[in-house]
Amino acid sequence: MDKHNFLDSVSLIGIFLVSFLALFLLTVKTKHKLGNQLFAFFLITNAIDASKYLIHHIPENFINLEVFRWSIVYLVPALFYLYAMSVCYSNFRLKTKHLLHAIPFVAYNLYLMSGIYFENTAMKLYFIKNMNQMPITQFFQFLFELLFQVYFIASFLVIRKSRTVYLENYTNPNISLINALYKITIVYYLLHFLVLLRWLVTFTIGLGEVRQWIVTLDGFTFLFCTCWYLFIALNNPEFFRGVNSHLKPITEVATKQKPSLLVAEEKNKQIEFLKDFMISNEPYLDSSLTIQDLSEQVKMPVKDLSTLINLYMDKHFFDFVNEYRIEKAMQVLRDSSQKELTVLEILYQVGFNSKSSFNTSFKKYTGKTPTDYRKQAL
């Protein structure tokens, strides 16, 4: 099998998998409907773009269709950004203003309309042959690269901010899912550098053997990324609960007061009160505990409680609560009268709802796995 047939086979498999996953996301019944739809359209646009690997020359009877396919890429970065927003924020909704993201796509099609869509075949082919030397074409190529960088950097920032807000306000250990989205963003971002490499080779060397191998590698990487994302989706079917977009990192809404003696004494009293409350009332046993819930229980404004934990105790709410859960789990594991309890039963009992998250947090806190800790304690 030569590289052309190999690329065709890889592309067909990749396009099939992407289309199948997109169809699944559009039809599956879930509360994350908007996020699924946005990612499905992102995958569909990628599948349409990936069909370039199967097109070895422009079919004269379908020039308009092929040229329109070129414009689809102007929707890809915006769709991924909106998808990241819908995943990170549970209250995200599409609004009329989001249509502004389609302006580059519309503008590029207006440009193609003037030179291709309404011309005869000979004029279309002439325009296509010379369009790479036209300043406006180069402008749109630069615009696409700029849009890609802006949207993916914005996606990184959204994910990082939502992760911070999550850690400061929630205790349900789903942080691995946010990390998964972060990795997906990195993978798609790195994949784009193959596109840049292909462009660089095209403009410097031309349409030669080197470019063909880069295209082949690009197609294979496209298939790998699709399979990898499918693997993540199957292992995390719930894929994010999201945080409220109105919540902001505590550093944006509160500043640490000057460490005067009076402030230090007041904060120390509040910290001691909070610690005593956590030990005596054990609110951490509620697996869905949020900082809003705890603020109501300790009768302290959410902002003040968040400032106290995140700034003055220098801990995320996520870590602060889970430390008490681990301490409670350690007590149970040391108790010989409860040795019949399984690790799974214990983690649910102390407020965790994920075995992997419990094991990770326990080992981070104690340096041992729950099983090893029990063996040494009993």
Against the rule of thumb 2.2 N^0.38 Å, how large the Cα Rg of the range 61-132 comes out | 1.45
Using amide H atoms built 1.01 Å from N in the peptide plane, name the residues 5+ places from Thr290, or on other chains, whose amide H lies under 5 Å from its own.
-> none
Rounded to whole Å², per residue accessible area for the range 277-321 with a 1.4 Å probe reads 44 Å²
A 1.4 Å probe over the protein heavy atoms gives the range 32-85 a carbon and sulfur accessible-area percentage of 65 percent
Would you mind counting up the charge near Glu282? Only other residues with Cβ under 12 Å from its Cβ, with Lys and Arg at +1 and Asp and Glu at -1.
-> -1
Once you have a ≥ b ≥ c as the square roots of the Cα gyration tensor eigenvalues for the range 86-172, tell me rounded if a/c is under 1.5, and otherwise prolate or oblate according to whether a/b is larger than b/c.
-> prolate
Peptides 120-128, 308-316, 80-88, 322-330 ordered by average Cβ neighbours within 10 Å, highest first = 80-88, 322-330, 308-316, 120-128
Give the span of the range 19-121's Cα atoms along each principal axis, as three whole-Å numbers ordered largest to smallest.
-> 49, 30, 17
Could you look at the range 296-378 and say what percent of its accessible area is carbon and sulfur, using a 1.4 Å probe and all protein chains?
-> 48 percent
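May I have the convex hull volume per residue, in Å³, for the Cα set of the range 284-378?
With only Cα atoms used, the range 284-378 gives 93 Å³ per residue.
The values are calculated or read from the model by the stated rules, or taken from the named source; none is laboratory data. These numbers were taken from a predicted model, which means no experiment stands behind them. All Cβ positions, even for glycine, are placed from backbone atoms using ideal geometry, and neighbour counts span all protein chains on display. Side chains included, ligands, DNA and RNA excluded: accessible areas come from the protein's heavy atoms. Shrake-Rupley method; radii C 1.70, N 1.55, O 1.52, S 1.80 Å.
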